[in-house]
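Just so it is clear, none of the values below were taken in a lab; they were calculated from the coordinates. Model, not experiment: these values are computed from the prediction. Backbone-built Cβ (ideal geometry, glycine too); neighbour counts: all protein chains shown.
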Amino acid sequence: QKEVEQDPGPLSVPEGAIVSLNCTYSNSAFQYFMWYRQYSRKGPELLMYTYSSGNKEDGRFTAQVDKSSKYISLFIRDSQPSDSATYLCAMTLNTGFQKLVFGTGTRLLVSP
Amino acid sequence: DAEITQSPRHKITETGRQVTLACHQTWNHNNMFWYRQDLGHGLRLIHYSYGVQDTNKGEVSDGYSVSRSNTEDLPLTLESAASSQTSVYFCASSLRDLTDTQYFGPGTRLTVL
């Protein structure tokens, strides 16, 4: 079993839809949770990170962490065609070592 | 502007050859990382370095080596390339601390025939 599970998609939605992207994980020691966005043939770029449980909002993006369920989510409001990309969740322990464990990524397609 | 670059962007090589992938960052970051990205596996850590002369093995380090002689560069060497090492390789760097953002390079697409 992988430490971090993520549905590969693709997830196809119309422009303006609310998108929900999710990851589950098995290691309860993970403390930092990140979402990266990766456009085709580019390197990943950090969207948001949260520490422990709770919500964090940044513009149209909201990250949510539920440590009791070992489940994290990224919500995108008013999705745009420019949001079409692969979204990778990543997480790490609170040990001072920055070793990220990534999910496999979910491909999102937003049609005009 | 500060940046992280990788070269070459594309490489085709033959089984058994030694290959070196370059990674150069101009942010003066302490931490540097090498990942490979494959369908069904996502990004997996190969090697990482927290400073000059420091190198550590990651999740999938067999067949790969790195050396860190300065702050800016972390070259990745495949000692004897194998077809299983066909992948897209990403280099990343971050300043120092656990919560510092990892910035990724554009990737190198390596094909081993």
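Only sites in a loop by DSSP and with at most 13 other Cβ atoms within 10 Å count here; which trypsin sites (Lys or Arg not before Pro) in region B:1-83 make the cut?
Working: sites: B:ARG9, B:LYS11, B:ARG17, B:ARG36, B:ARG44, B:LYS57, B:ARG68; in loops: B:ARG9, B:ARG17, B:ARG68.
Of the trypsin sites (Lys or Arg not before Pro), the ones in loops of region B:1-83 whose Cβ has at most 13 other Cβ atoms within 10 Å are B:ARG9, B:ARG17.
Within chain A, what's the longest run with no chymotrypsin sites (Phe, Trp or Tyr not before Pro) in a DSSP loop and at most 14 other beta-carbon atoms within 10 Å? Give the range, please. Mind dumping the intermediate values first?
On the way: sites that count: A:TYR39, A:PHE97.
No qualifying site falls inside A:40-96, the longest such stretch.
How much FRET efficiency would the formula 1/(1 + (r/R0)^6) give for B:THR99 and B:GLU14, where r is the Cβ-Cβ distance and R0 is 45 Å, rounded to 0.05?
On the way: r = 42 Å, r/R0 = 0.94.
In this case the efficiency is close to 0.60.
For region A:44-60 and region B:1-73, what is the separation of their C-alpha centers, rounded to whole Å?
After rounding, the separation between the Cα centres reads 26 Å.
Under 19 Å from a point 7 Å along the Cα-to-Cβ line of A:ASP7: which residues of region A:45-76 have their amide N that close?
Residues passing the 19 Å test: A:62-66, A:69-76.
Most fluctuating residue of B:GLY16, B:GLY42, B:GLY51 in a GNM of chain B with Cα springs under 10 Å: which is it?
Result: B:GLY42 has the largest fluctuation of those listed.
Any idea what the relative contact order of region A:62-112 is, in percent, if you count C-alpha pairs under 8 Å spaced at least 6 apart?
Relative contact order comes out at 34 percent.
Which percent, to the nearest 5, of DSSP beta bridges fully inside chain B are antiparallel?
In chain B, approximately 90 percent of DSSP beta bridges are antiparallel ones.
Given contacts defined as C-alpha pairs under 8 Å and at least six residues apart, what's the relative contact order of chain A, whole-number percent? Don't skip to the end; give the middle numbers.
Numbers: 277 pairs, mean separation 41.4, N = 112.
The value is 37 percent.
Does chain B classify as rounded, prolate or oblate by the C-alpha gyration tensor (a ≥ b ≥ c root eigenvalues; a/c under 1.5 gives rounded; else a/b over b/c gives prolate, otherwise oblate)?
Numbers: a/c = 1.68, a/b = 1.66, b/c = 1.01.
It comes out prolate by the Cα gyration axes.
If I build a Gaussian network model for chain A, linking alpha-carbon pairs within less than 10 angstrom, which residue out of A:ASP78, A:ASP66, A:ASP58 has the largest mean-square fluctuation?
Per the Cα network of chain A with a 10 Å cutoff, A:ASP58 tops the list.
Mind giving me the nanometre distance, one decimal, between the label points for B:ASN70 and A:ARG77, set 7 Å out from Cα along Cα→Cβ?
4.8
Shape of region A:44-112 from its Cα gyration tensor (a ≥ b ≥ c, root eigenvalues): rounded if a/c is under 1.5, otherwise prolate when a/b > b/c, or oblate?
Details: a/c = 2.20, a/b = 1.62, b/c = 1.36.
Prolate.
In what sequence do B:SER80, B:SER87 fall when counting other Cβ within 10 Å, fewest first? The partial results should precede the final answer.
Details: B:SER80 11, B:SER87 21.
Fewest to most other Cβ atoms nearby, the residues stand as B:SER80, B:SER87.
Give me the percent of DSSP beta bridges within the protein assembly as shown that run antiparallel, rounded to the nearest 5.
Values: 71 of 79 bridges.
For the protein assembly as shown, the DSSP antiparallel bridge percentage is about 90.
For a 20 Å ceiling on Cα separation, which of these pairs sit above it: A:LYS2/B:LYS11; A:LYS2/A:LYS70; A:LYS2/A:LYS99?
Over 20 Å apart, Cα to Cα: A:LYS2/B:LYS11.
Who wins for biggest fluctuation among A:SER20, A:SER68, A:SER53 in a Gaussian network model of chain A, springs between alpha carbons below 10 Å?
A:SER68
Identify the trypsin sites (Lys or Arg not before Pro) of region A:1-54 meeting these criteria: DSSP loop state and at most 15 other C-beta atoms within 10 Å of the C-beta. If you can, show how the numbers build up before the last one.
On the way: sites: A:LYS2, A:ARG37, A:ARG41, A:LYS42; in loops: A:LYS2, A:ARG41, A:LYS42.
Of the trypsin sites (Lys or Arg not before Pro), the ones in loops of region A:1-54 whose Cβ has at most 15 other Cβ atoms within 10 Å are A:LYS2, A:ARG41, A:LYS42.
How big is the charge dipole of chain A about its Cα centre, in debye rounded to the nearest 20, if each Lys and Arg gets +1 on its Cβ and each Asp and Glu gets -1 on its Cβ?
260
Please list, or write none, the aspartates and glutamates whose alpha carbon is within less than 20 Å of the alpha carbon of A:LYS56, excluding same-chain residues fewer than 8 places away.
A:GLU45, A:ASP66, A:ASP78, A:ASP83, B:ASP100
Given charges of +1 on the Cβ of Lys and Arg and -1 on the Cβ of Asp and Glu, with all other atoms neutral, how large is the dipole of the protein assembly as shown about its Cα centre, in debye to the nearest 20?
300
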